[in-house]
Structures are given as C-alpha cells and as structure tokens.
Amino acid sequence: MTPSTAERPQMSIQDFEDLSAAAPEHVRLEFVDGRVRTRDPLGVEDFEELERRAPETVRLEYVNGKLEVKAMPDGKHTSIFMWLLRQCMHQRPDLDLAPERGVKAEAYRKGRARTDGFLAPVNHFVEDGEWSAPDGALMAVEITSHDRDTDQRDRVDKPIGYAGAAIPVYLLIDRDNDTAVVFSEPKDGRYQQSVSYPWGATVPLPAPVGITLDTEQLKQFAD
C-alpha cells in the first residue's frame with residue numbers, strides 16, 4: 001500500500017544516516033516518526049554549516065526555528081515552474097525568476113528558506129552567495145510537493161517568514177487544492193492580503209510584480 005502524505009518520512013533512512021554522519025560534531029540529529037530533528041537548539045550558523053555538508057539528495061531549510069527537509073521536485077513540479085518562468089519572462093523581461101534560490105527570511109533574517117522561485121531585477125543575484133538577502137526582491141514562489149510537511153511549511157511557516165522579511169508578494173501554487181494563492185502587503189510580520197484563485201482563473205500579481213497569470217494551463221498538471 002502506498003503511504004499517505006501524512007505517513008511519508010521526510011527522507012530515507014540512508015539519507016538521514018549520511019546527513020548525520022556529515023553533520024558538525026556539536027550538531028546532533030535524530031530521526032523520529034519519519035522526521036529529522038535536532039537534539040539541541042540550532043542556530044543559523046550551525047544550520048548553514050549543516051546544509052553545506054548535506055548530501056546532494058537532501059535539501060534543508062531553517063524556518064521558524066525548525067530544521068526542515070524540502071522534498072525533491074517531481075516532473076509536474078518542474079513543469080509548473082517552467083510555465084511560470086515563461087509568463088514572467090514574457091511580461092517582465094527586466095526581471096529574473098531564479099530557481100531554488102536560498103533566502104534569508106523571517107524578521108531579522110534568522111531563517112533560511114530555499115524558494116522554488118525568487119523574482120528580482122535582472123542580475124540582482126550576481127554577487128550573492130548561497131543565501132540572498134530579501135532586499136530588492138519582488139516575489140517568492142513556492143510550489144507544493146506531496147510530502148507530509150507541505151501544509152505547515154508552505155501554507156503557514158513560509159507566509160510568516162516571507163512577510164517578516166518584507167518580500168512584497170508570495171505566490172503559492174497549491175497542487176493539493178488546485179489553487180494559486182497570492183499573499184501581499186507585508187506589515188508587522190504578516191501579509192495583510194491573501195487571495196486564492198482556482199486553476200483556470202486569471203491571476204493578477206500586484207505591484208511591484210505587475211504580472212497577470214493565465215492559469216488555464218495548470219489544469220493539465222492536476223493530480
């Protein structure tokens with residue numbers, strides 16, 4: 001029987017063992033109920049060192065003070081990103097939609113989120129290292145994956161983290177609900193506006209993005 005989303009582990013036992021073996025000596029990891037946890041509080045510097053040492057098959061984030069494992073994208077996830085990239089390039093050739101961009105998120109930049117897409121002016125990231133400051137970026141993008149933590153991570157923690165970093169727009173392409181959710185107007189660590197559109201609707205992305213998405217094509221990626 002195929003396990004439900006809620007039952008799926010964050011990673012395989014082999015990946016956890018490889019990650020644990022590569023971790024800095026003072027970072028102690030455990031694998032409980034299919035989730036990776038740290039035995040002791042994890043600071044940003046320790047997270048960055050752990051992430052640098054992680055196996056290529058493991059993508060890590062540090063959101064709301066928690067170590068998170070981001071699912072590897074499947075084919076539909078990649079196709080949805082390419083659909084969005086084409087629309088952004090056509091309407092705003094002055095902008096880059098960078099895939100898999102690491103962002104210093106949350107208030108005081110204490111979080112480390114790995115976005116599915118990060119929209120900013122052309123060449124905005126040219127001098128950046130692995131983790132970019134949010135300054136000057138226009139939009140963060142997440143496309144849900146069918147893993148056990150996507151509800152908390154993408155629908156709860158990420159809006160808080162991106163709003164706390166004052167990223168003007170957060171676009172969530174929700175594959176579980178076949179919706180595009182647009183968060184905007186960050187203030188005091190929360191987005192003041194959140195509008196959900198069914199796939200097939202016309203989706204206006206507010207200023208400073210200024211792009212209108214035709215989401216009809218997303219219907220072909222429904223599960």
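The values are calculated or read from the model by the stated rules, or taken from the named source; none is laboratory data. Just so you know, these numbers come straight off a predicted model, no measurement behind them. Here the Cβ is made from the backbone with ideal geometry for all residues, glycine too, and neighbour counts use every protein chain on show. Protein only, heavy atoms only, side chains kept; ligands, DNA and RNA dropped before computing areas. Shrake-Rupley method; radii C 1.70, N 1.55, O 1.52, S 1.80 Å.
When GLY189, GLY161 are checked against the criterion of being under 20 Å from the mean Cα position of the chain (by Cα), farther than 23 Å from ARG92 by Cα and surrounded by 20 or more Cβ atoms within 10 Å (Cβ to Cβ), a single residue qualifies: GLY161. Only residues that are among the β-branched types (Val, Ile, Thr) and surrounded by 16 or more Cβ atoms within 10 Å (Cβ to Cβ) were counted in segment 77-91, giving 1. When residues in segment 135-156 are screened for being in contact with a Phe, Trp or Tyr (Cβ under 8 Å, 6 or more places away or on another chain) and not in a loop (DSSP other than H, G, I, E, B), 5 of them pass. Of everything in segment 53-65 that is among the charged types (D, E, K, R) and within 14 Å of the chain's Cα centre (by Cα), the residue that is least open to solvent (accessible area, probe 1.4 Å) is GLU61.
List pairs: first in segment 129-144 and under 23 Å from VAL156 (Cβ atoms), second surrounded by fewer than 23 Cβ atoms within 10 Å (Cβ to Cβ) and among the polar types (S, T, N, Q), Cβ under 7 Å, 6+ apart or cross-chain? From segment 129-144, the pairs are THR144/THR150. When ASP40, ASP74, ASP94 are screened for being surrounded by fewer than 17 Cβ atoms within 10 Å (Cβ to Cβ), out of contact with any helix residue (DSSP H, G or I) (no Cβ under 8 Å at 6 or more places or on another chain) and touching a residue at least 60 places away in the same chain (Cβ under 8 Å), only ASP74 passes. In segment 202-216, the qualifying residues are those that are touching a strand residue (DSSP E or B) at 6+ places or on another chain (Cβ under 8 Å), free of Cβ contacts under 8 Å to residues at least 40 places away in the same chain and loosely packed, with under 15 Cβ neighbours inside 10 Å, and the one that is nearest to ALA105 (Cα to Cα) is PRO204.
Taken as a whole, the condition of being within 14 Å of ASP154 (Cα to Cα), open to solvent by less than 30 Å² (accessible area, probe 1.4 Å) and in a strand (DSSP E or B) applies to LEU172.
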